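Enquirer: Pasting in a structure now, in structure tokens, and then I'll have a few things to ask.
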Amino acid sequence: MRLKDKIALVTGASQGIGRVIACRMAAEGARVVLTARNEPNLQKTSKLIAAAGGSSLVIPADLADKKSLVNLIEKTLAEWGAIDILVNNSGIIGPTKRCEEISRQEWDECMSVNMTGVFLLTQAALPAMKKNRSGTIINVGSVTGKRPLPGRMPYAAAKMALVGFTRTLAFEVGDFGITANVICPGSTEGPRIDRVCREMAIAEKISIEDAATTFTAPAALKRFVLPEDHAGICVFLASDDGANVTGQDINVSGGLVWY
């Protein structure tokens, strides 16, 4: 129960890594605010938490809409009075195209969700954290924030920007006892990587199996990592054990990157 009585807000909690993080934090004693655009899937996450004896609150929100995010923060504070942990997990994969093929709309959508939404929600949550002079901000990035990824330019640009955002944020909020870190998942089992592999197979005219191998072969462990791996790091960072870890970009990649 390392997060007992803490209030955690997890974006993208309707599926995938976000759902696993939310469930793990609830299992560690946190009360968890679940947010995403898909309310039916958020309710599924909430039921999983309730079945395990945890507590959650469903508040749908759109990361691209500042008013929606302000409403999310206000409802959280009205219901539970604080925000101790913010996990900015929501993200989209963006187009699988070369630079000259990407439309402005595709570029803007990817940057809006993957970077601008993180900025807006963090901005909205900071006053409550500063008032309490404590808090943990965890941004879910990608190893693509550390290296190029041809054919995925908007995604790579957003994830690289997230590292700079997080490092700078850590120094802006440190005086208030707030930590800020970004975890950098490697290729993670689940629907998202399945979709990426399918789209890569089409774009590069290769098999889905060969597309998957391009992600696993360069890793030291030669395998995909699991959503549970990322949840464990998030719990560590939000617990007393991670109190002096800030401004870091932490790889959870099976040895895919090491810098």
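The values are calculated or read from the model by the stated rules, or taken from the named source; none is laboratory data. These numbers come from a predicted model, not from an experiment. Neighbour counts are summed over all protein chains in view; Cβ atoms, including those assigned to glycine, are modelled from backbone coordinates with ideal geometry.
Yes or no, residue by residue, for (1) farther than 17 Å from Ala231 by Cα; (2) not hydrophobic (A, V, I, L, M, F, W, C):
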| position | (1), (2) |
| --- | --- |
| Arg31 | no, yes |
| Arg37 | yes, yes |
| Thr45 | no, yes |
| Leu63 | yes, no |
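Enquirer: Within the stretch 26-45, identify whether any single residue is in the same structural domain as Asp108 (by TED's automatic domain parsing), crowded, with 24+ Cβ neighbours inside 10 Å and polar (S, T, N, Q), and answer yes or no.
Expert: Among the residues of the stretch 26-45, at least one is in the same structural domain as Asp108 (by TED's automatic domain parsing), crowded, with 24+ Cβ neighbours inside 10 Å and polar (S, T, N, Q), which makes the answer yes.
Enquirer: Could I ask something else about it? It is to be established whether one or more residues within the stretch 71-85 are assigned by TED's automatic domain parsing to the domain that holds Ser56, hydroxyl-bearing (Ser, Thr, Tyr) and farther than 23 Å from Arg198 by Cα.
Expert: Among the residues of the stretch 71-85, at least one is assigned by TED's automatic domain parsing to the domain that holds Ser56, hydroxyl-bearing (Ser, Thr, Tyr) and farther than 23 Å from Arg198 by Cα, which makes the answer yes.
Enquirer: For the condition out of contact with any Lys or Arg (no Cβ under 8 Å at 6 or more places or on another chain), outside the structural domain of Thr116 (by TED's automatic domain parsing) and touching a residue at least 60 places away in the same chain (Cβ under 8 Å), what is the one hit in Arg167, Arg198, Arg192?
Expert: After ruling out the rest, the residue left standing is Arg192.
Enquirer: Assigned to a helix (DSSP H, G or I) and either among the β-branched types (Val, Ile, Thr) or more than 29 Å from Glu28 (Cα to Cα) (or both): which single residue out of Ala219, Ala211, Ala170 fits that description?
Expert: The unique qualifying residue is Ala211.
So that you can scan it fast, the table gives a plain yes or no per residue for (1) outside the structural domain of Gly29 (by TED's automatic domain parsing); (2) surrounded by fewer than 18 Cβ atoms within 10 Å (Cβ to Cβ):
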| residue | (1), (2) |
| --- | --- |
| Gly141 | no, no |
| Ala158 | no, no |
| Gly174 | no, yes |
| Ile178 | no, no |
| Asp210 | yes, yes |
| Pro218 | yes, yes |
| Asn244 | no, yes |
| Gly247 | no, yes |
| Trp258 | yes, yes |
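Enquirer: Same structure, new question: Does any residue in the stretch 226-242 that is touching a residue at least 24 places away in the same chain (Cβ under 8 Å) come within less than 9 Å, Cβ to Cβ, of a residue that is aromatic (Phe, Trp, Tyr) six or more places away or on a different chain, and which pairs are these?
Expert: Sorted first by the residue in the stretch 226-242, then by its partner, the pairs are Gly242/Phe236.
Enquirer: For the condition touching a residue at least 12 places away in the same chain (Cβ under 8 Å) and either in a loop (DSSP other than H, G, I, E, B) or more than 17 Å from the chain's Cα centre (by Cα) (or both), what is the one hit in Met115, Met129, Met160, Met111?
Expert: Of Met115, Met129, Met160, Met111, the one residue that is touching a residue at least 12 places away in the same chain (Cβ under 8 Å) and either in a loop (DSSP other than H, G, I, E, B) or more than 17 Å from the chain's Cα centre (by Cα) (or both) is Met129.
Enquirer: Additional query: Just to be sure, is Pro150 surrounded by fewer than 18 Cβ atoms within 10 Å (Cβ to Cβ) and assigned to a loop (DSSP other than H, G, I, E, B)?
Expert: So Pro150 passes the test.
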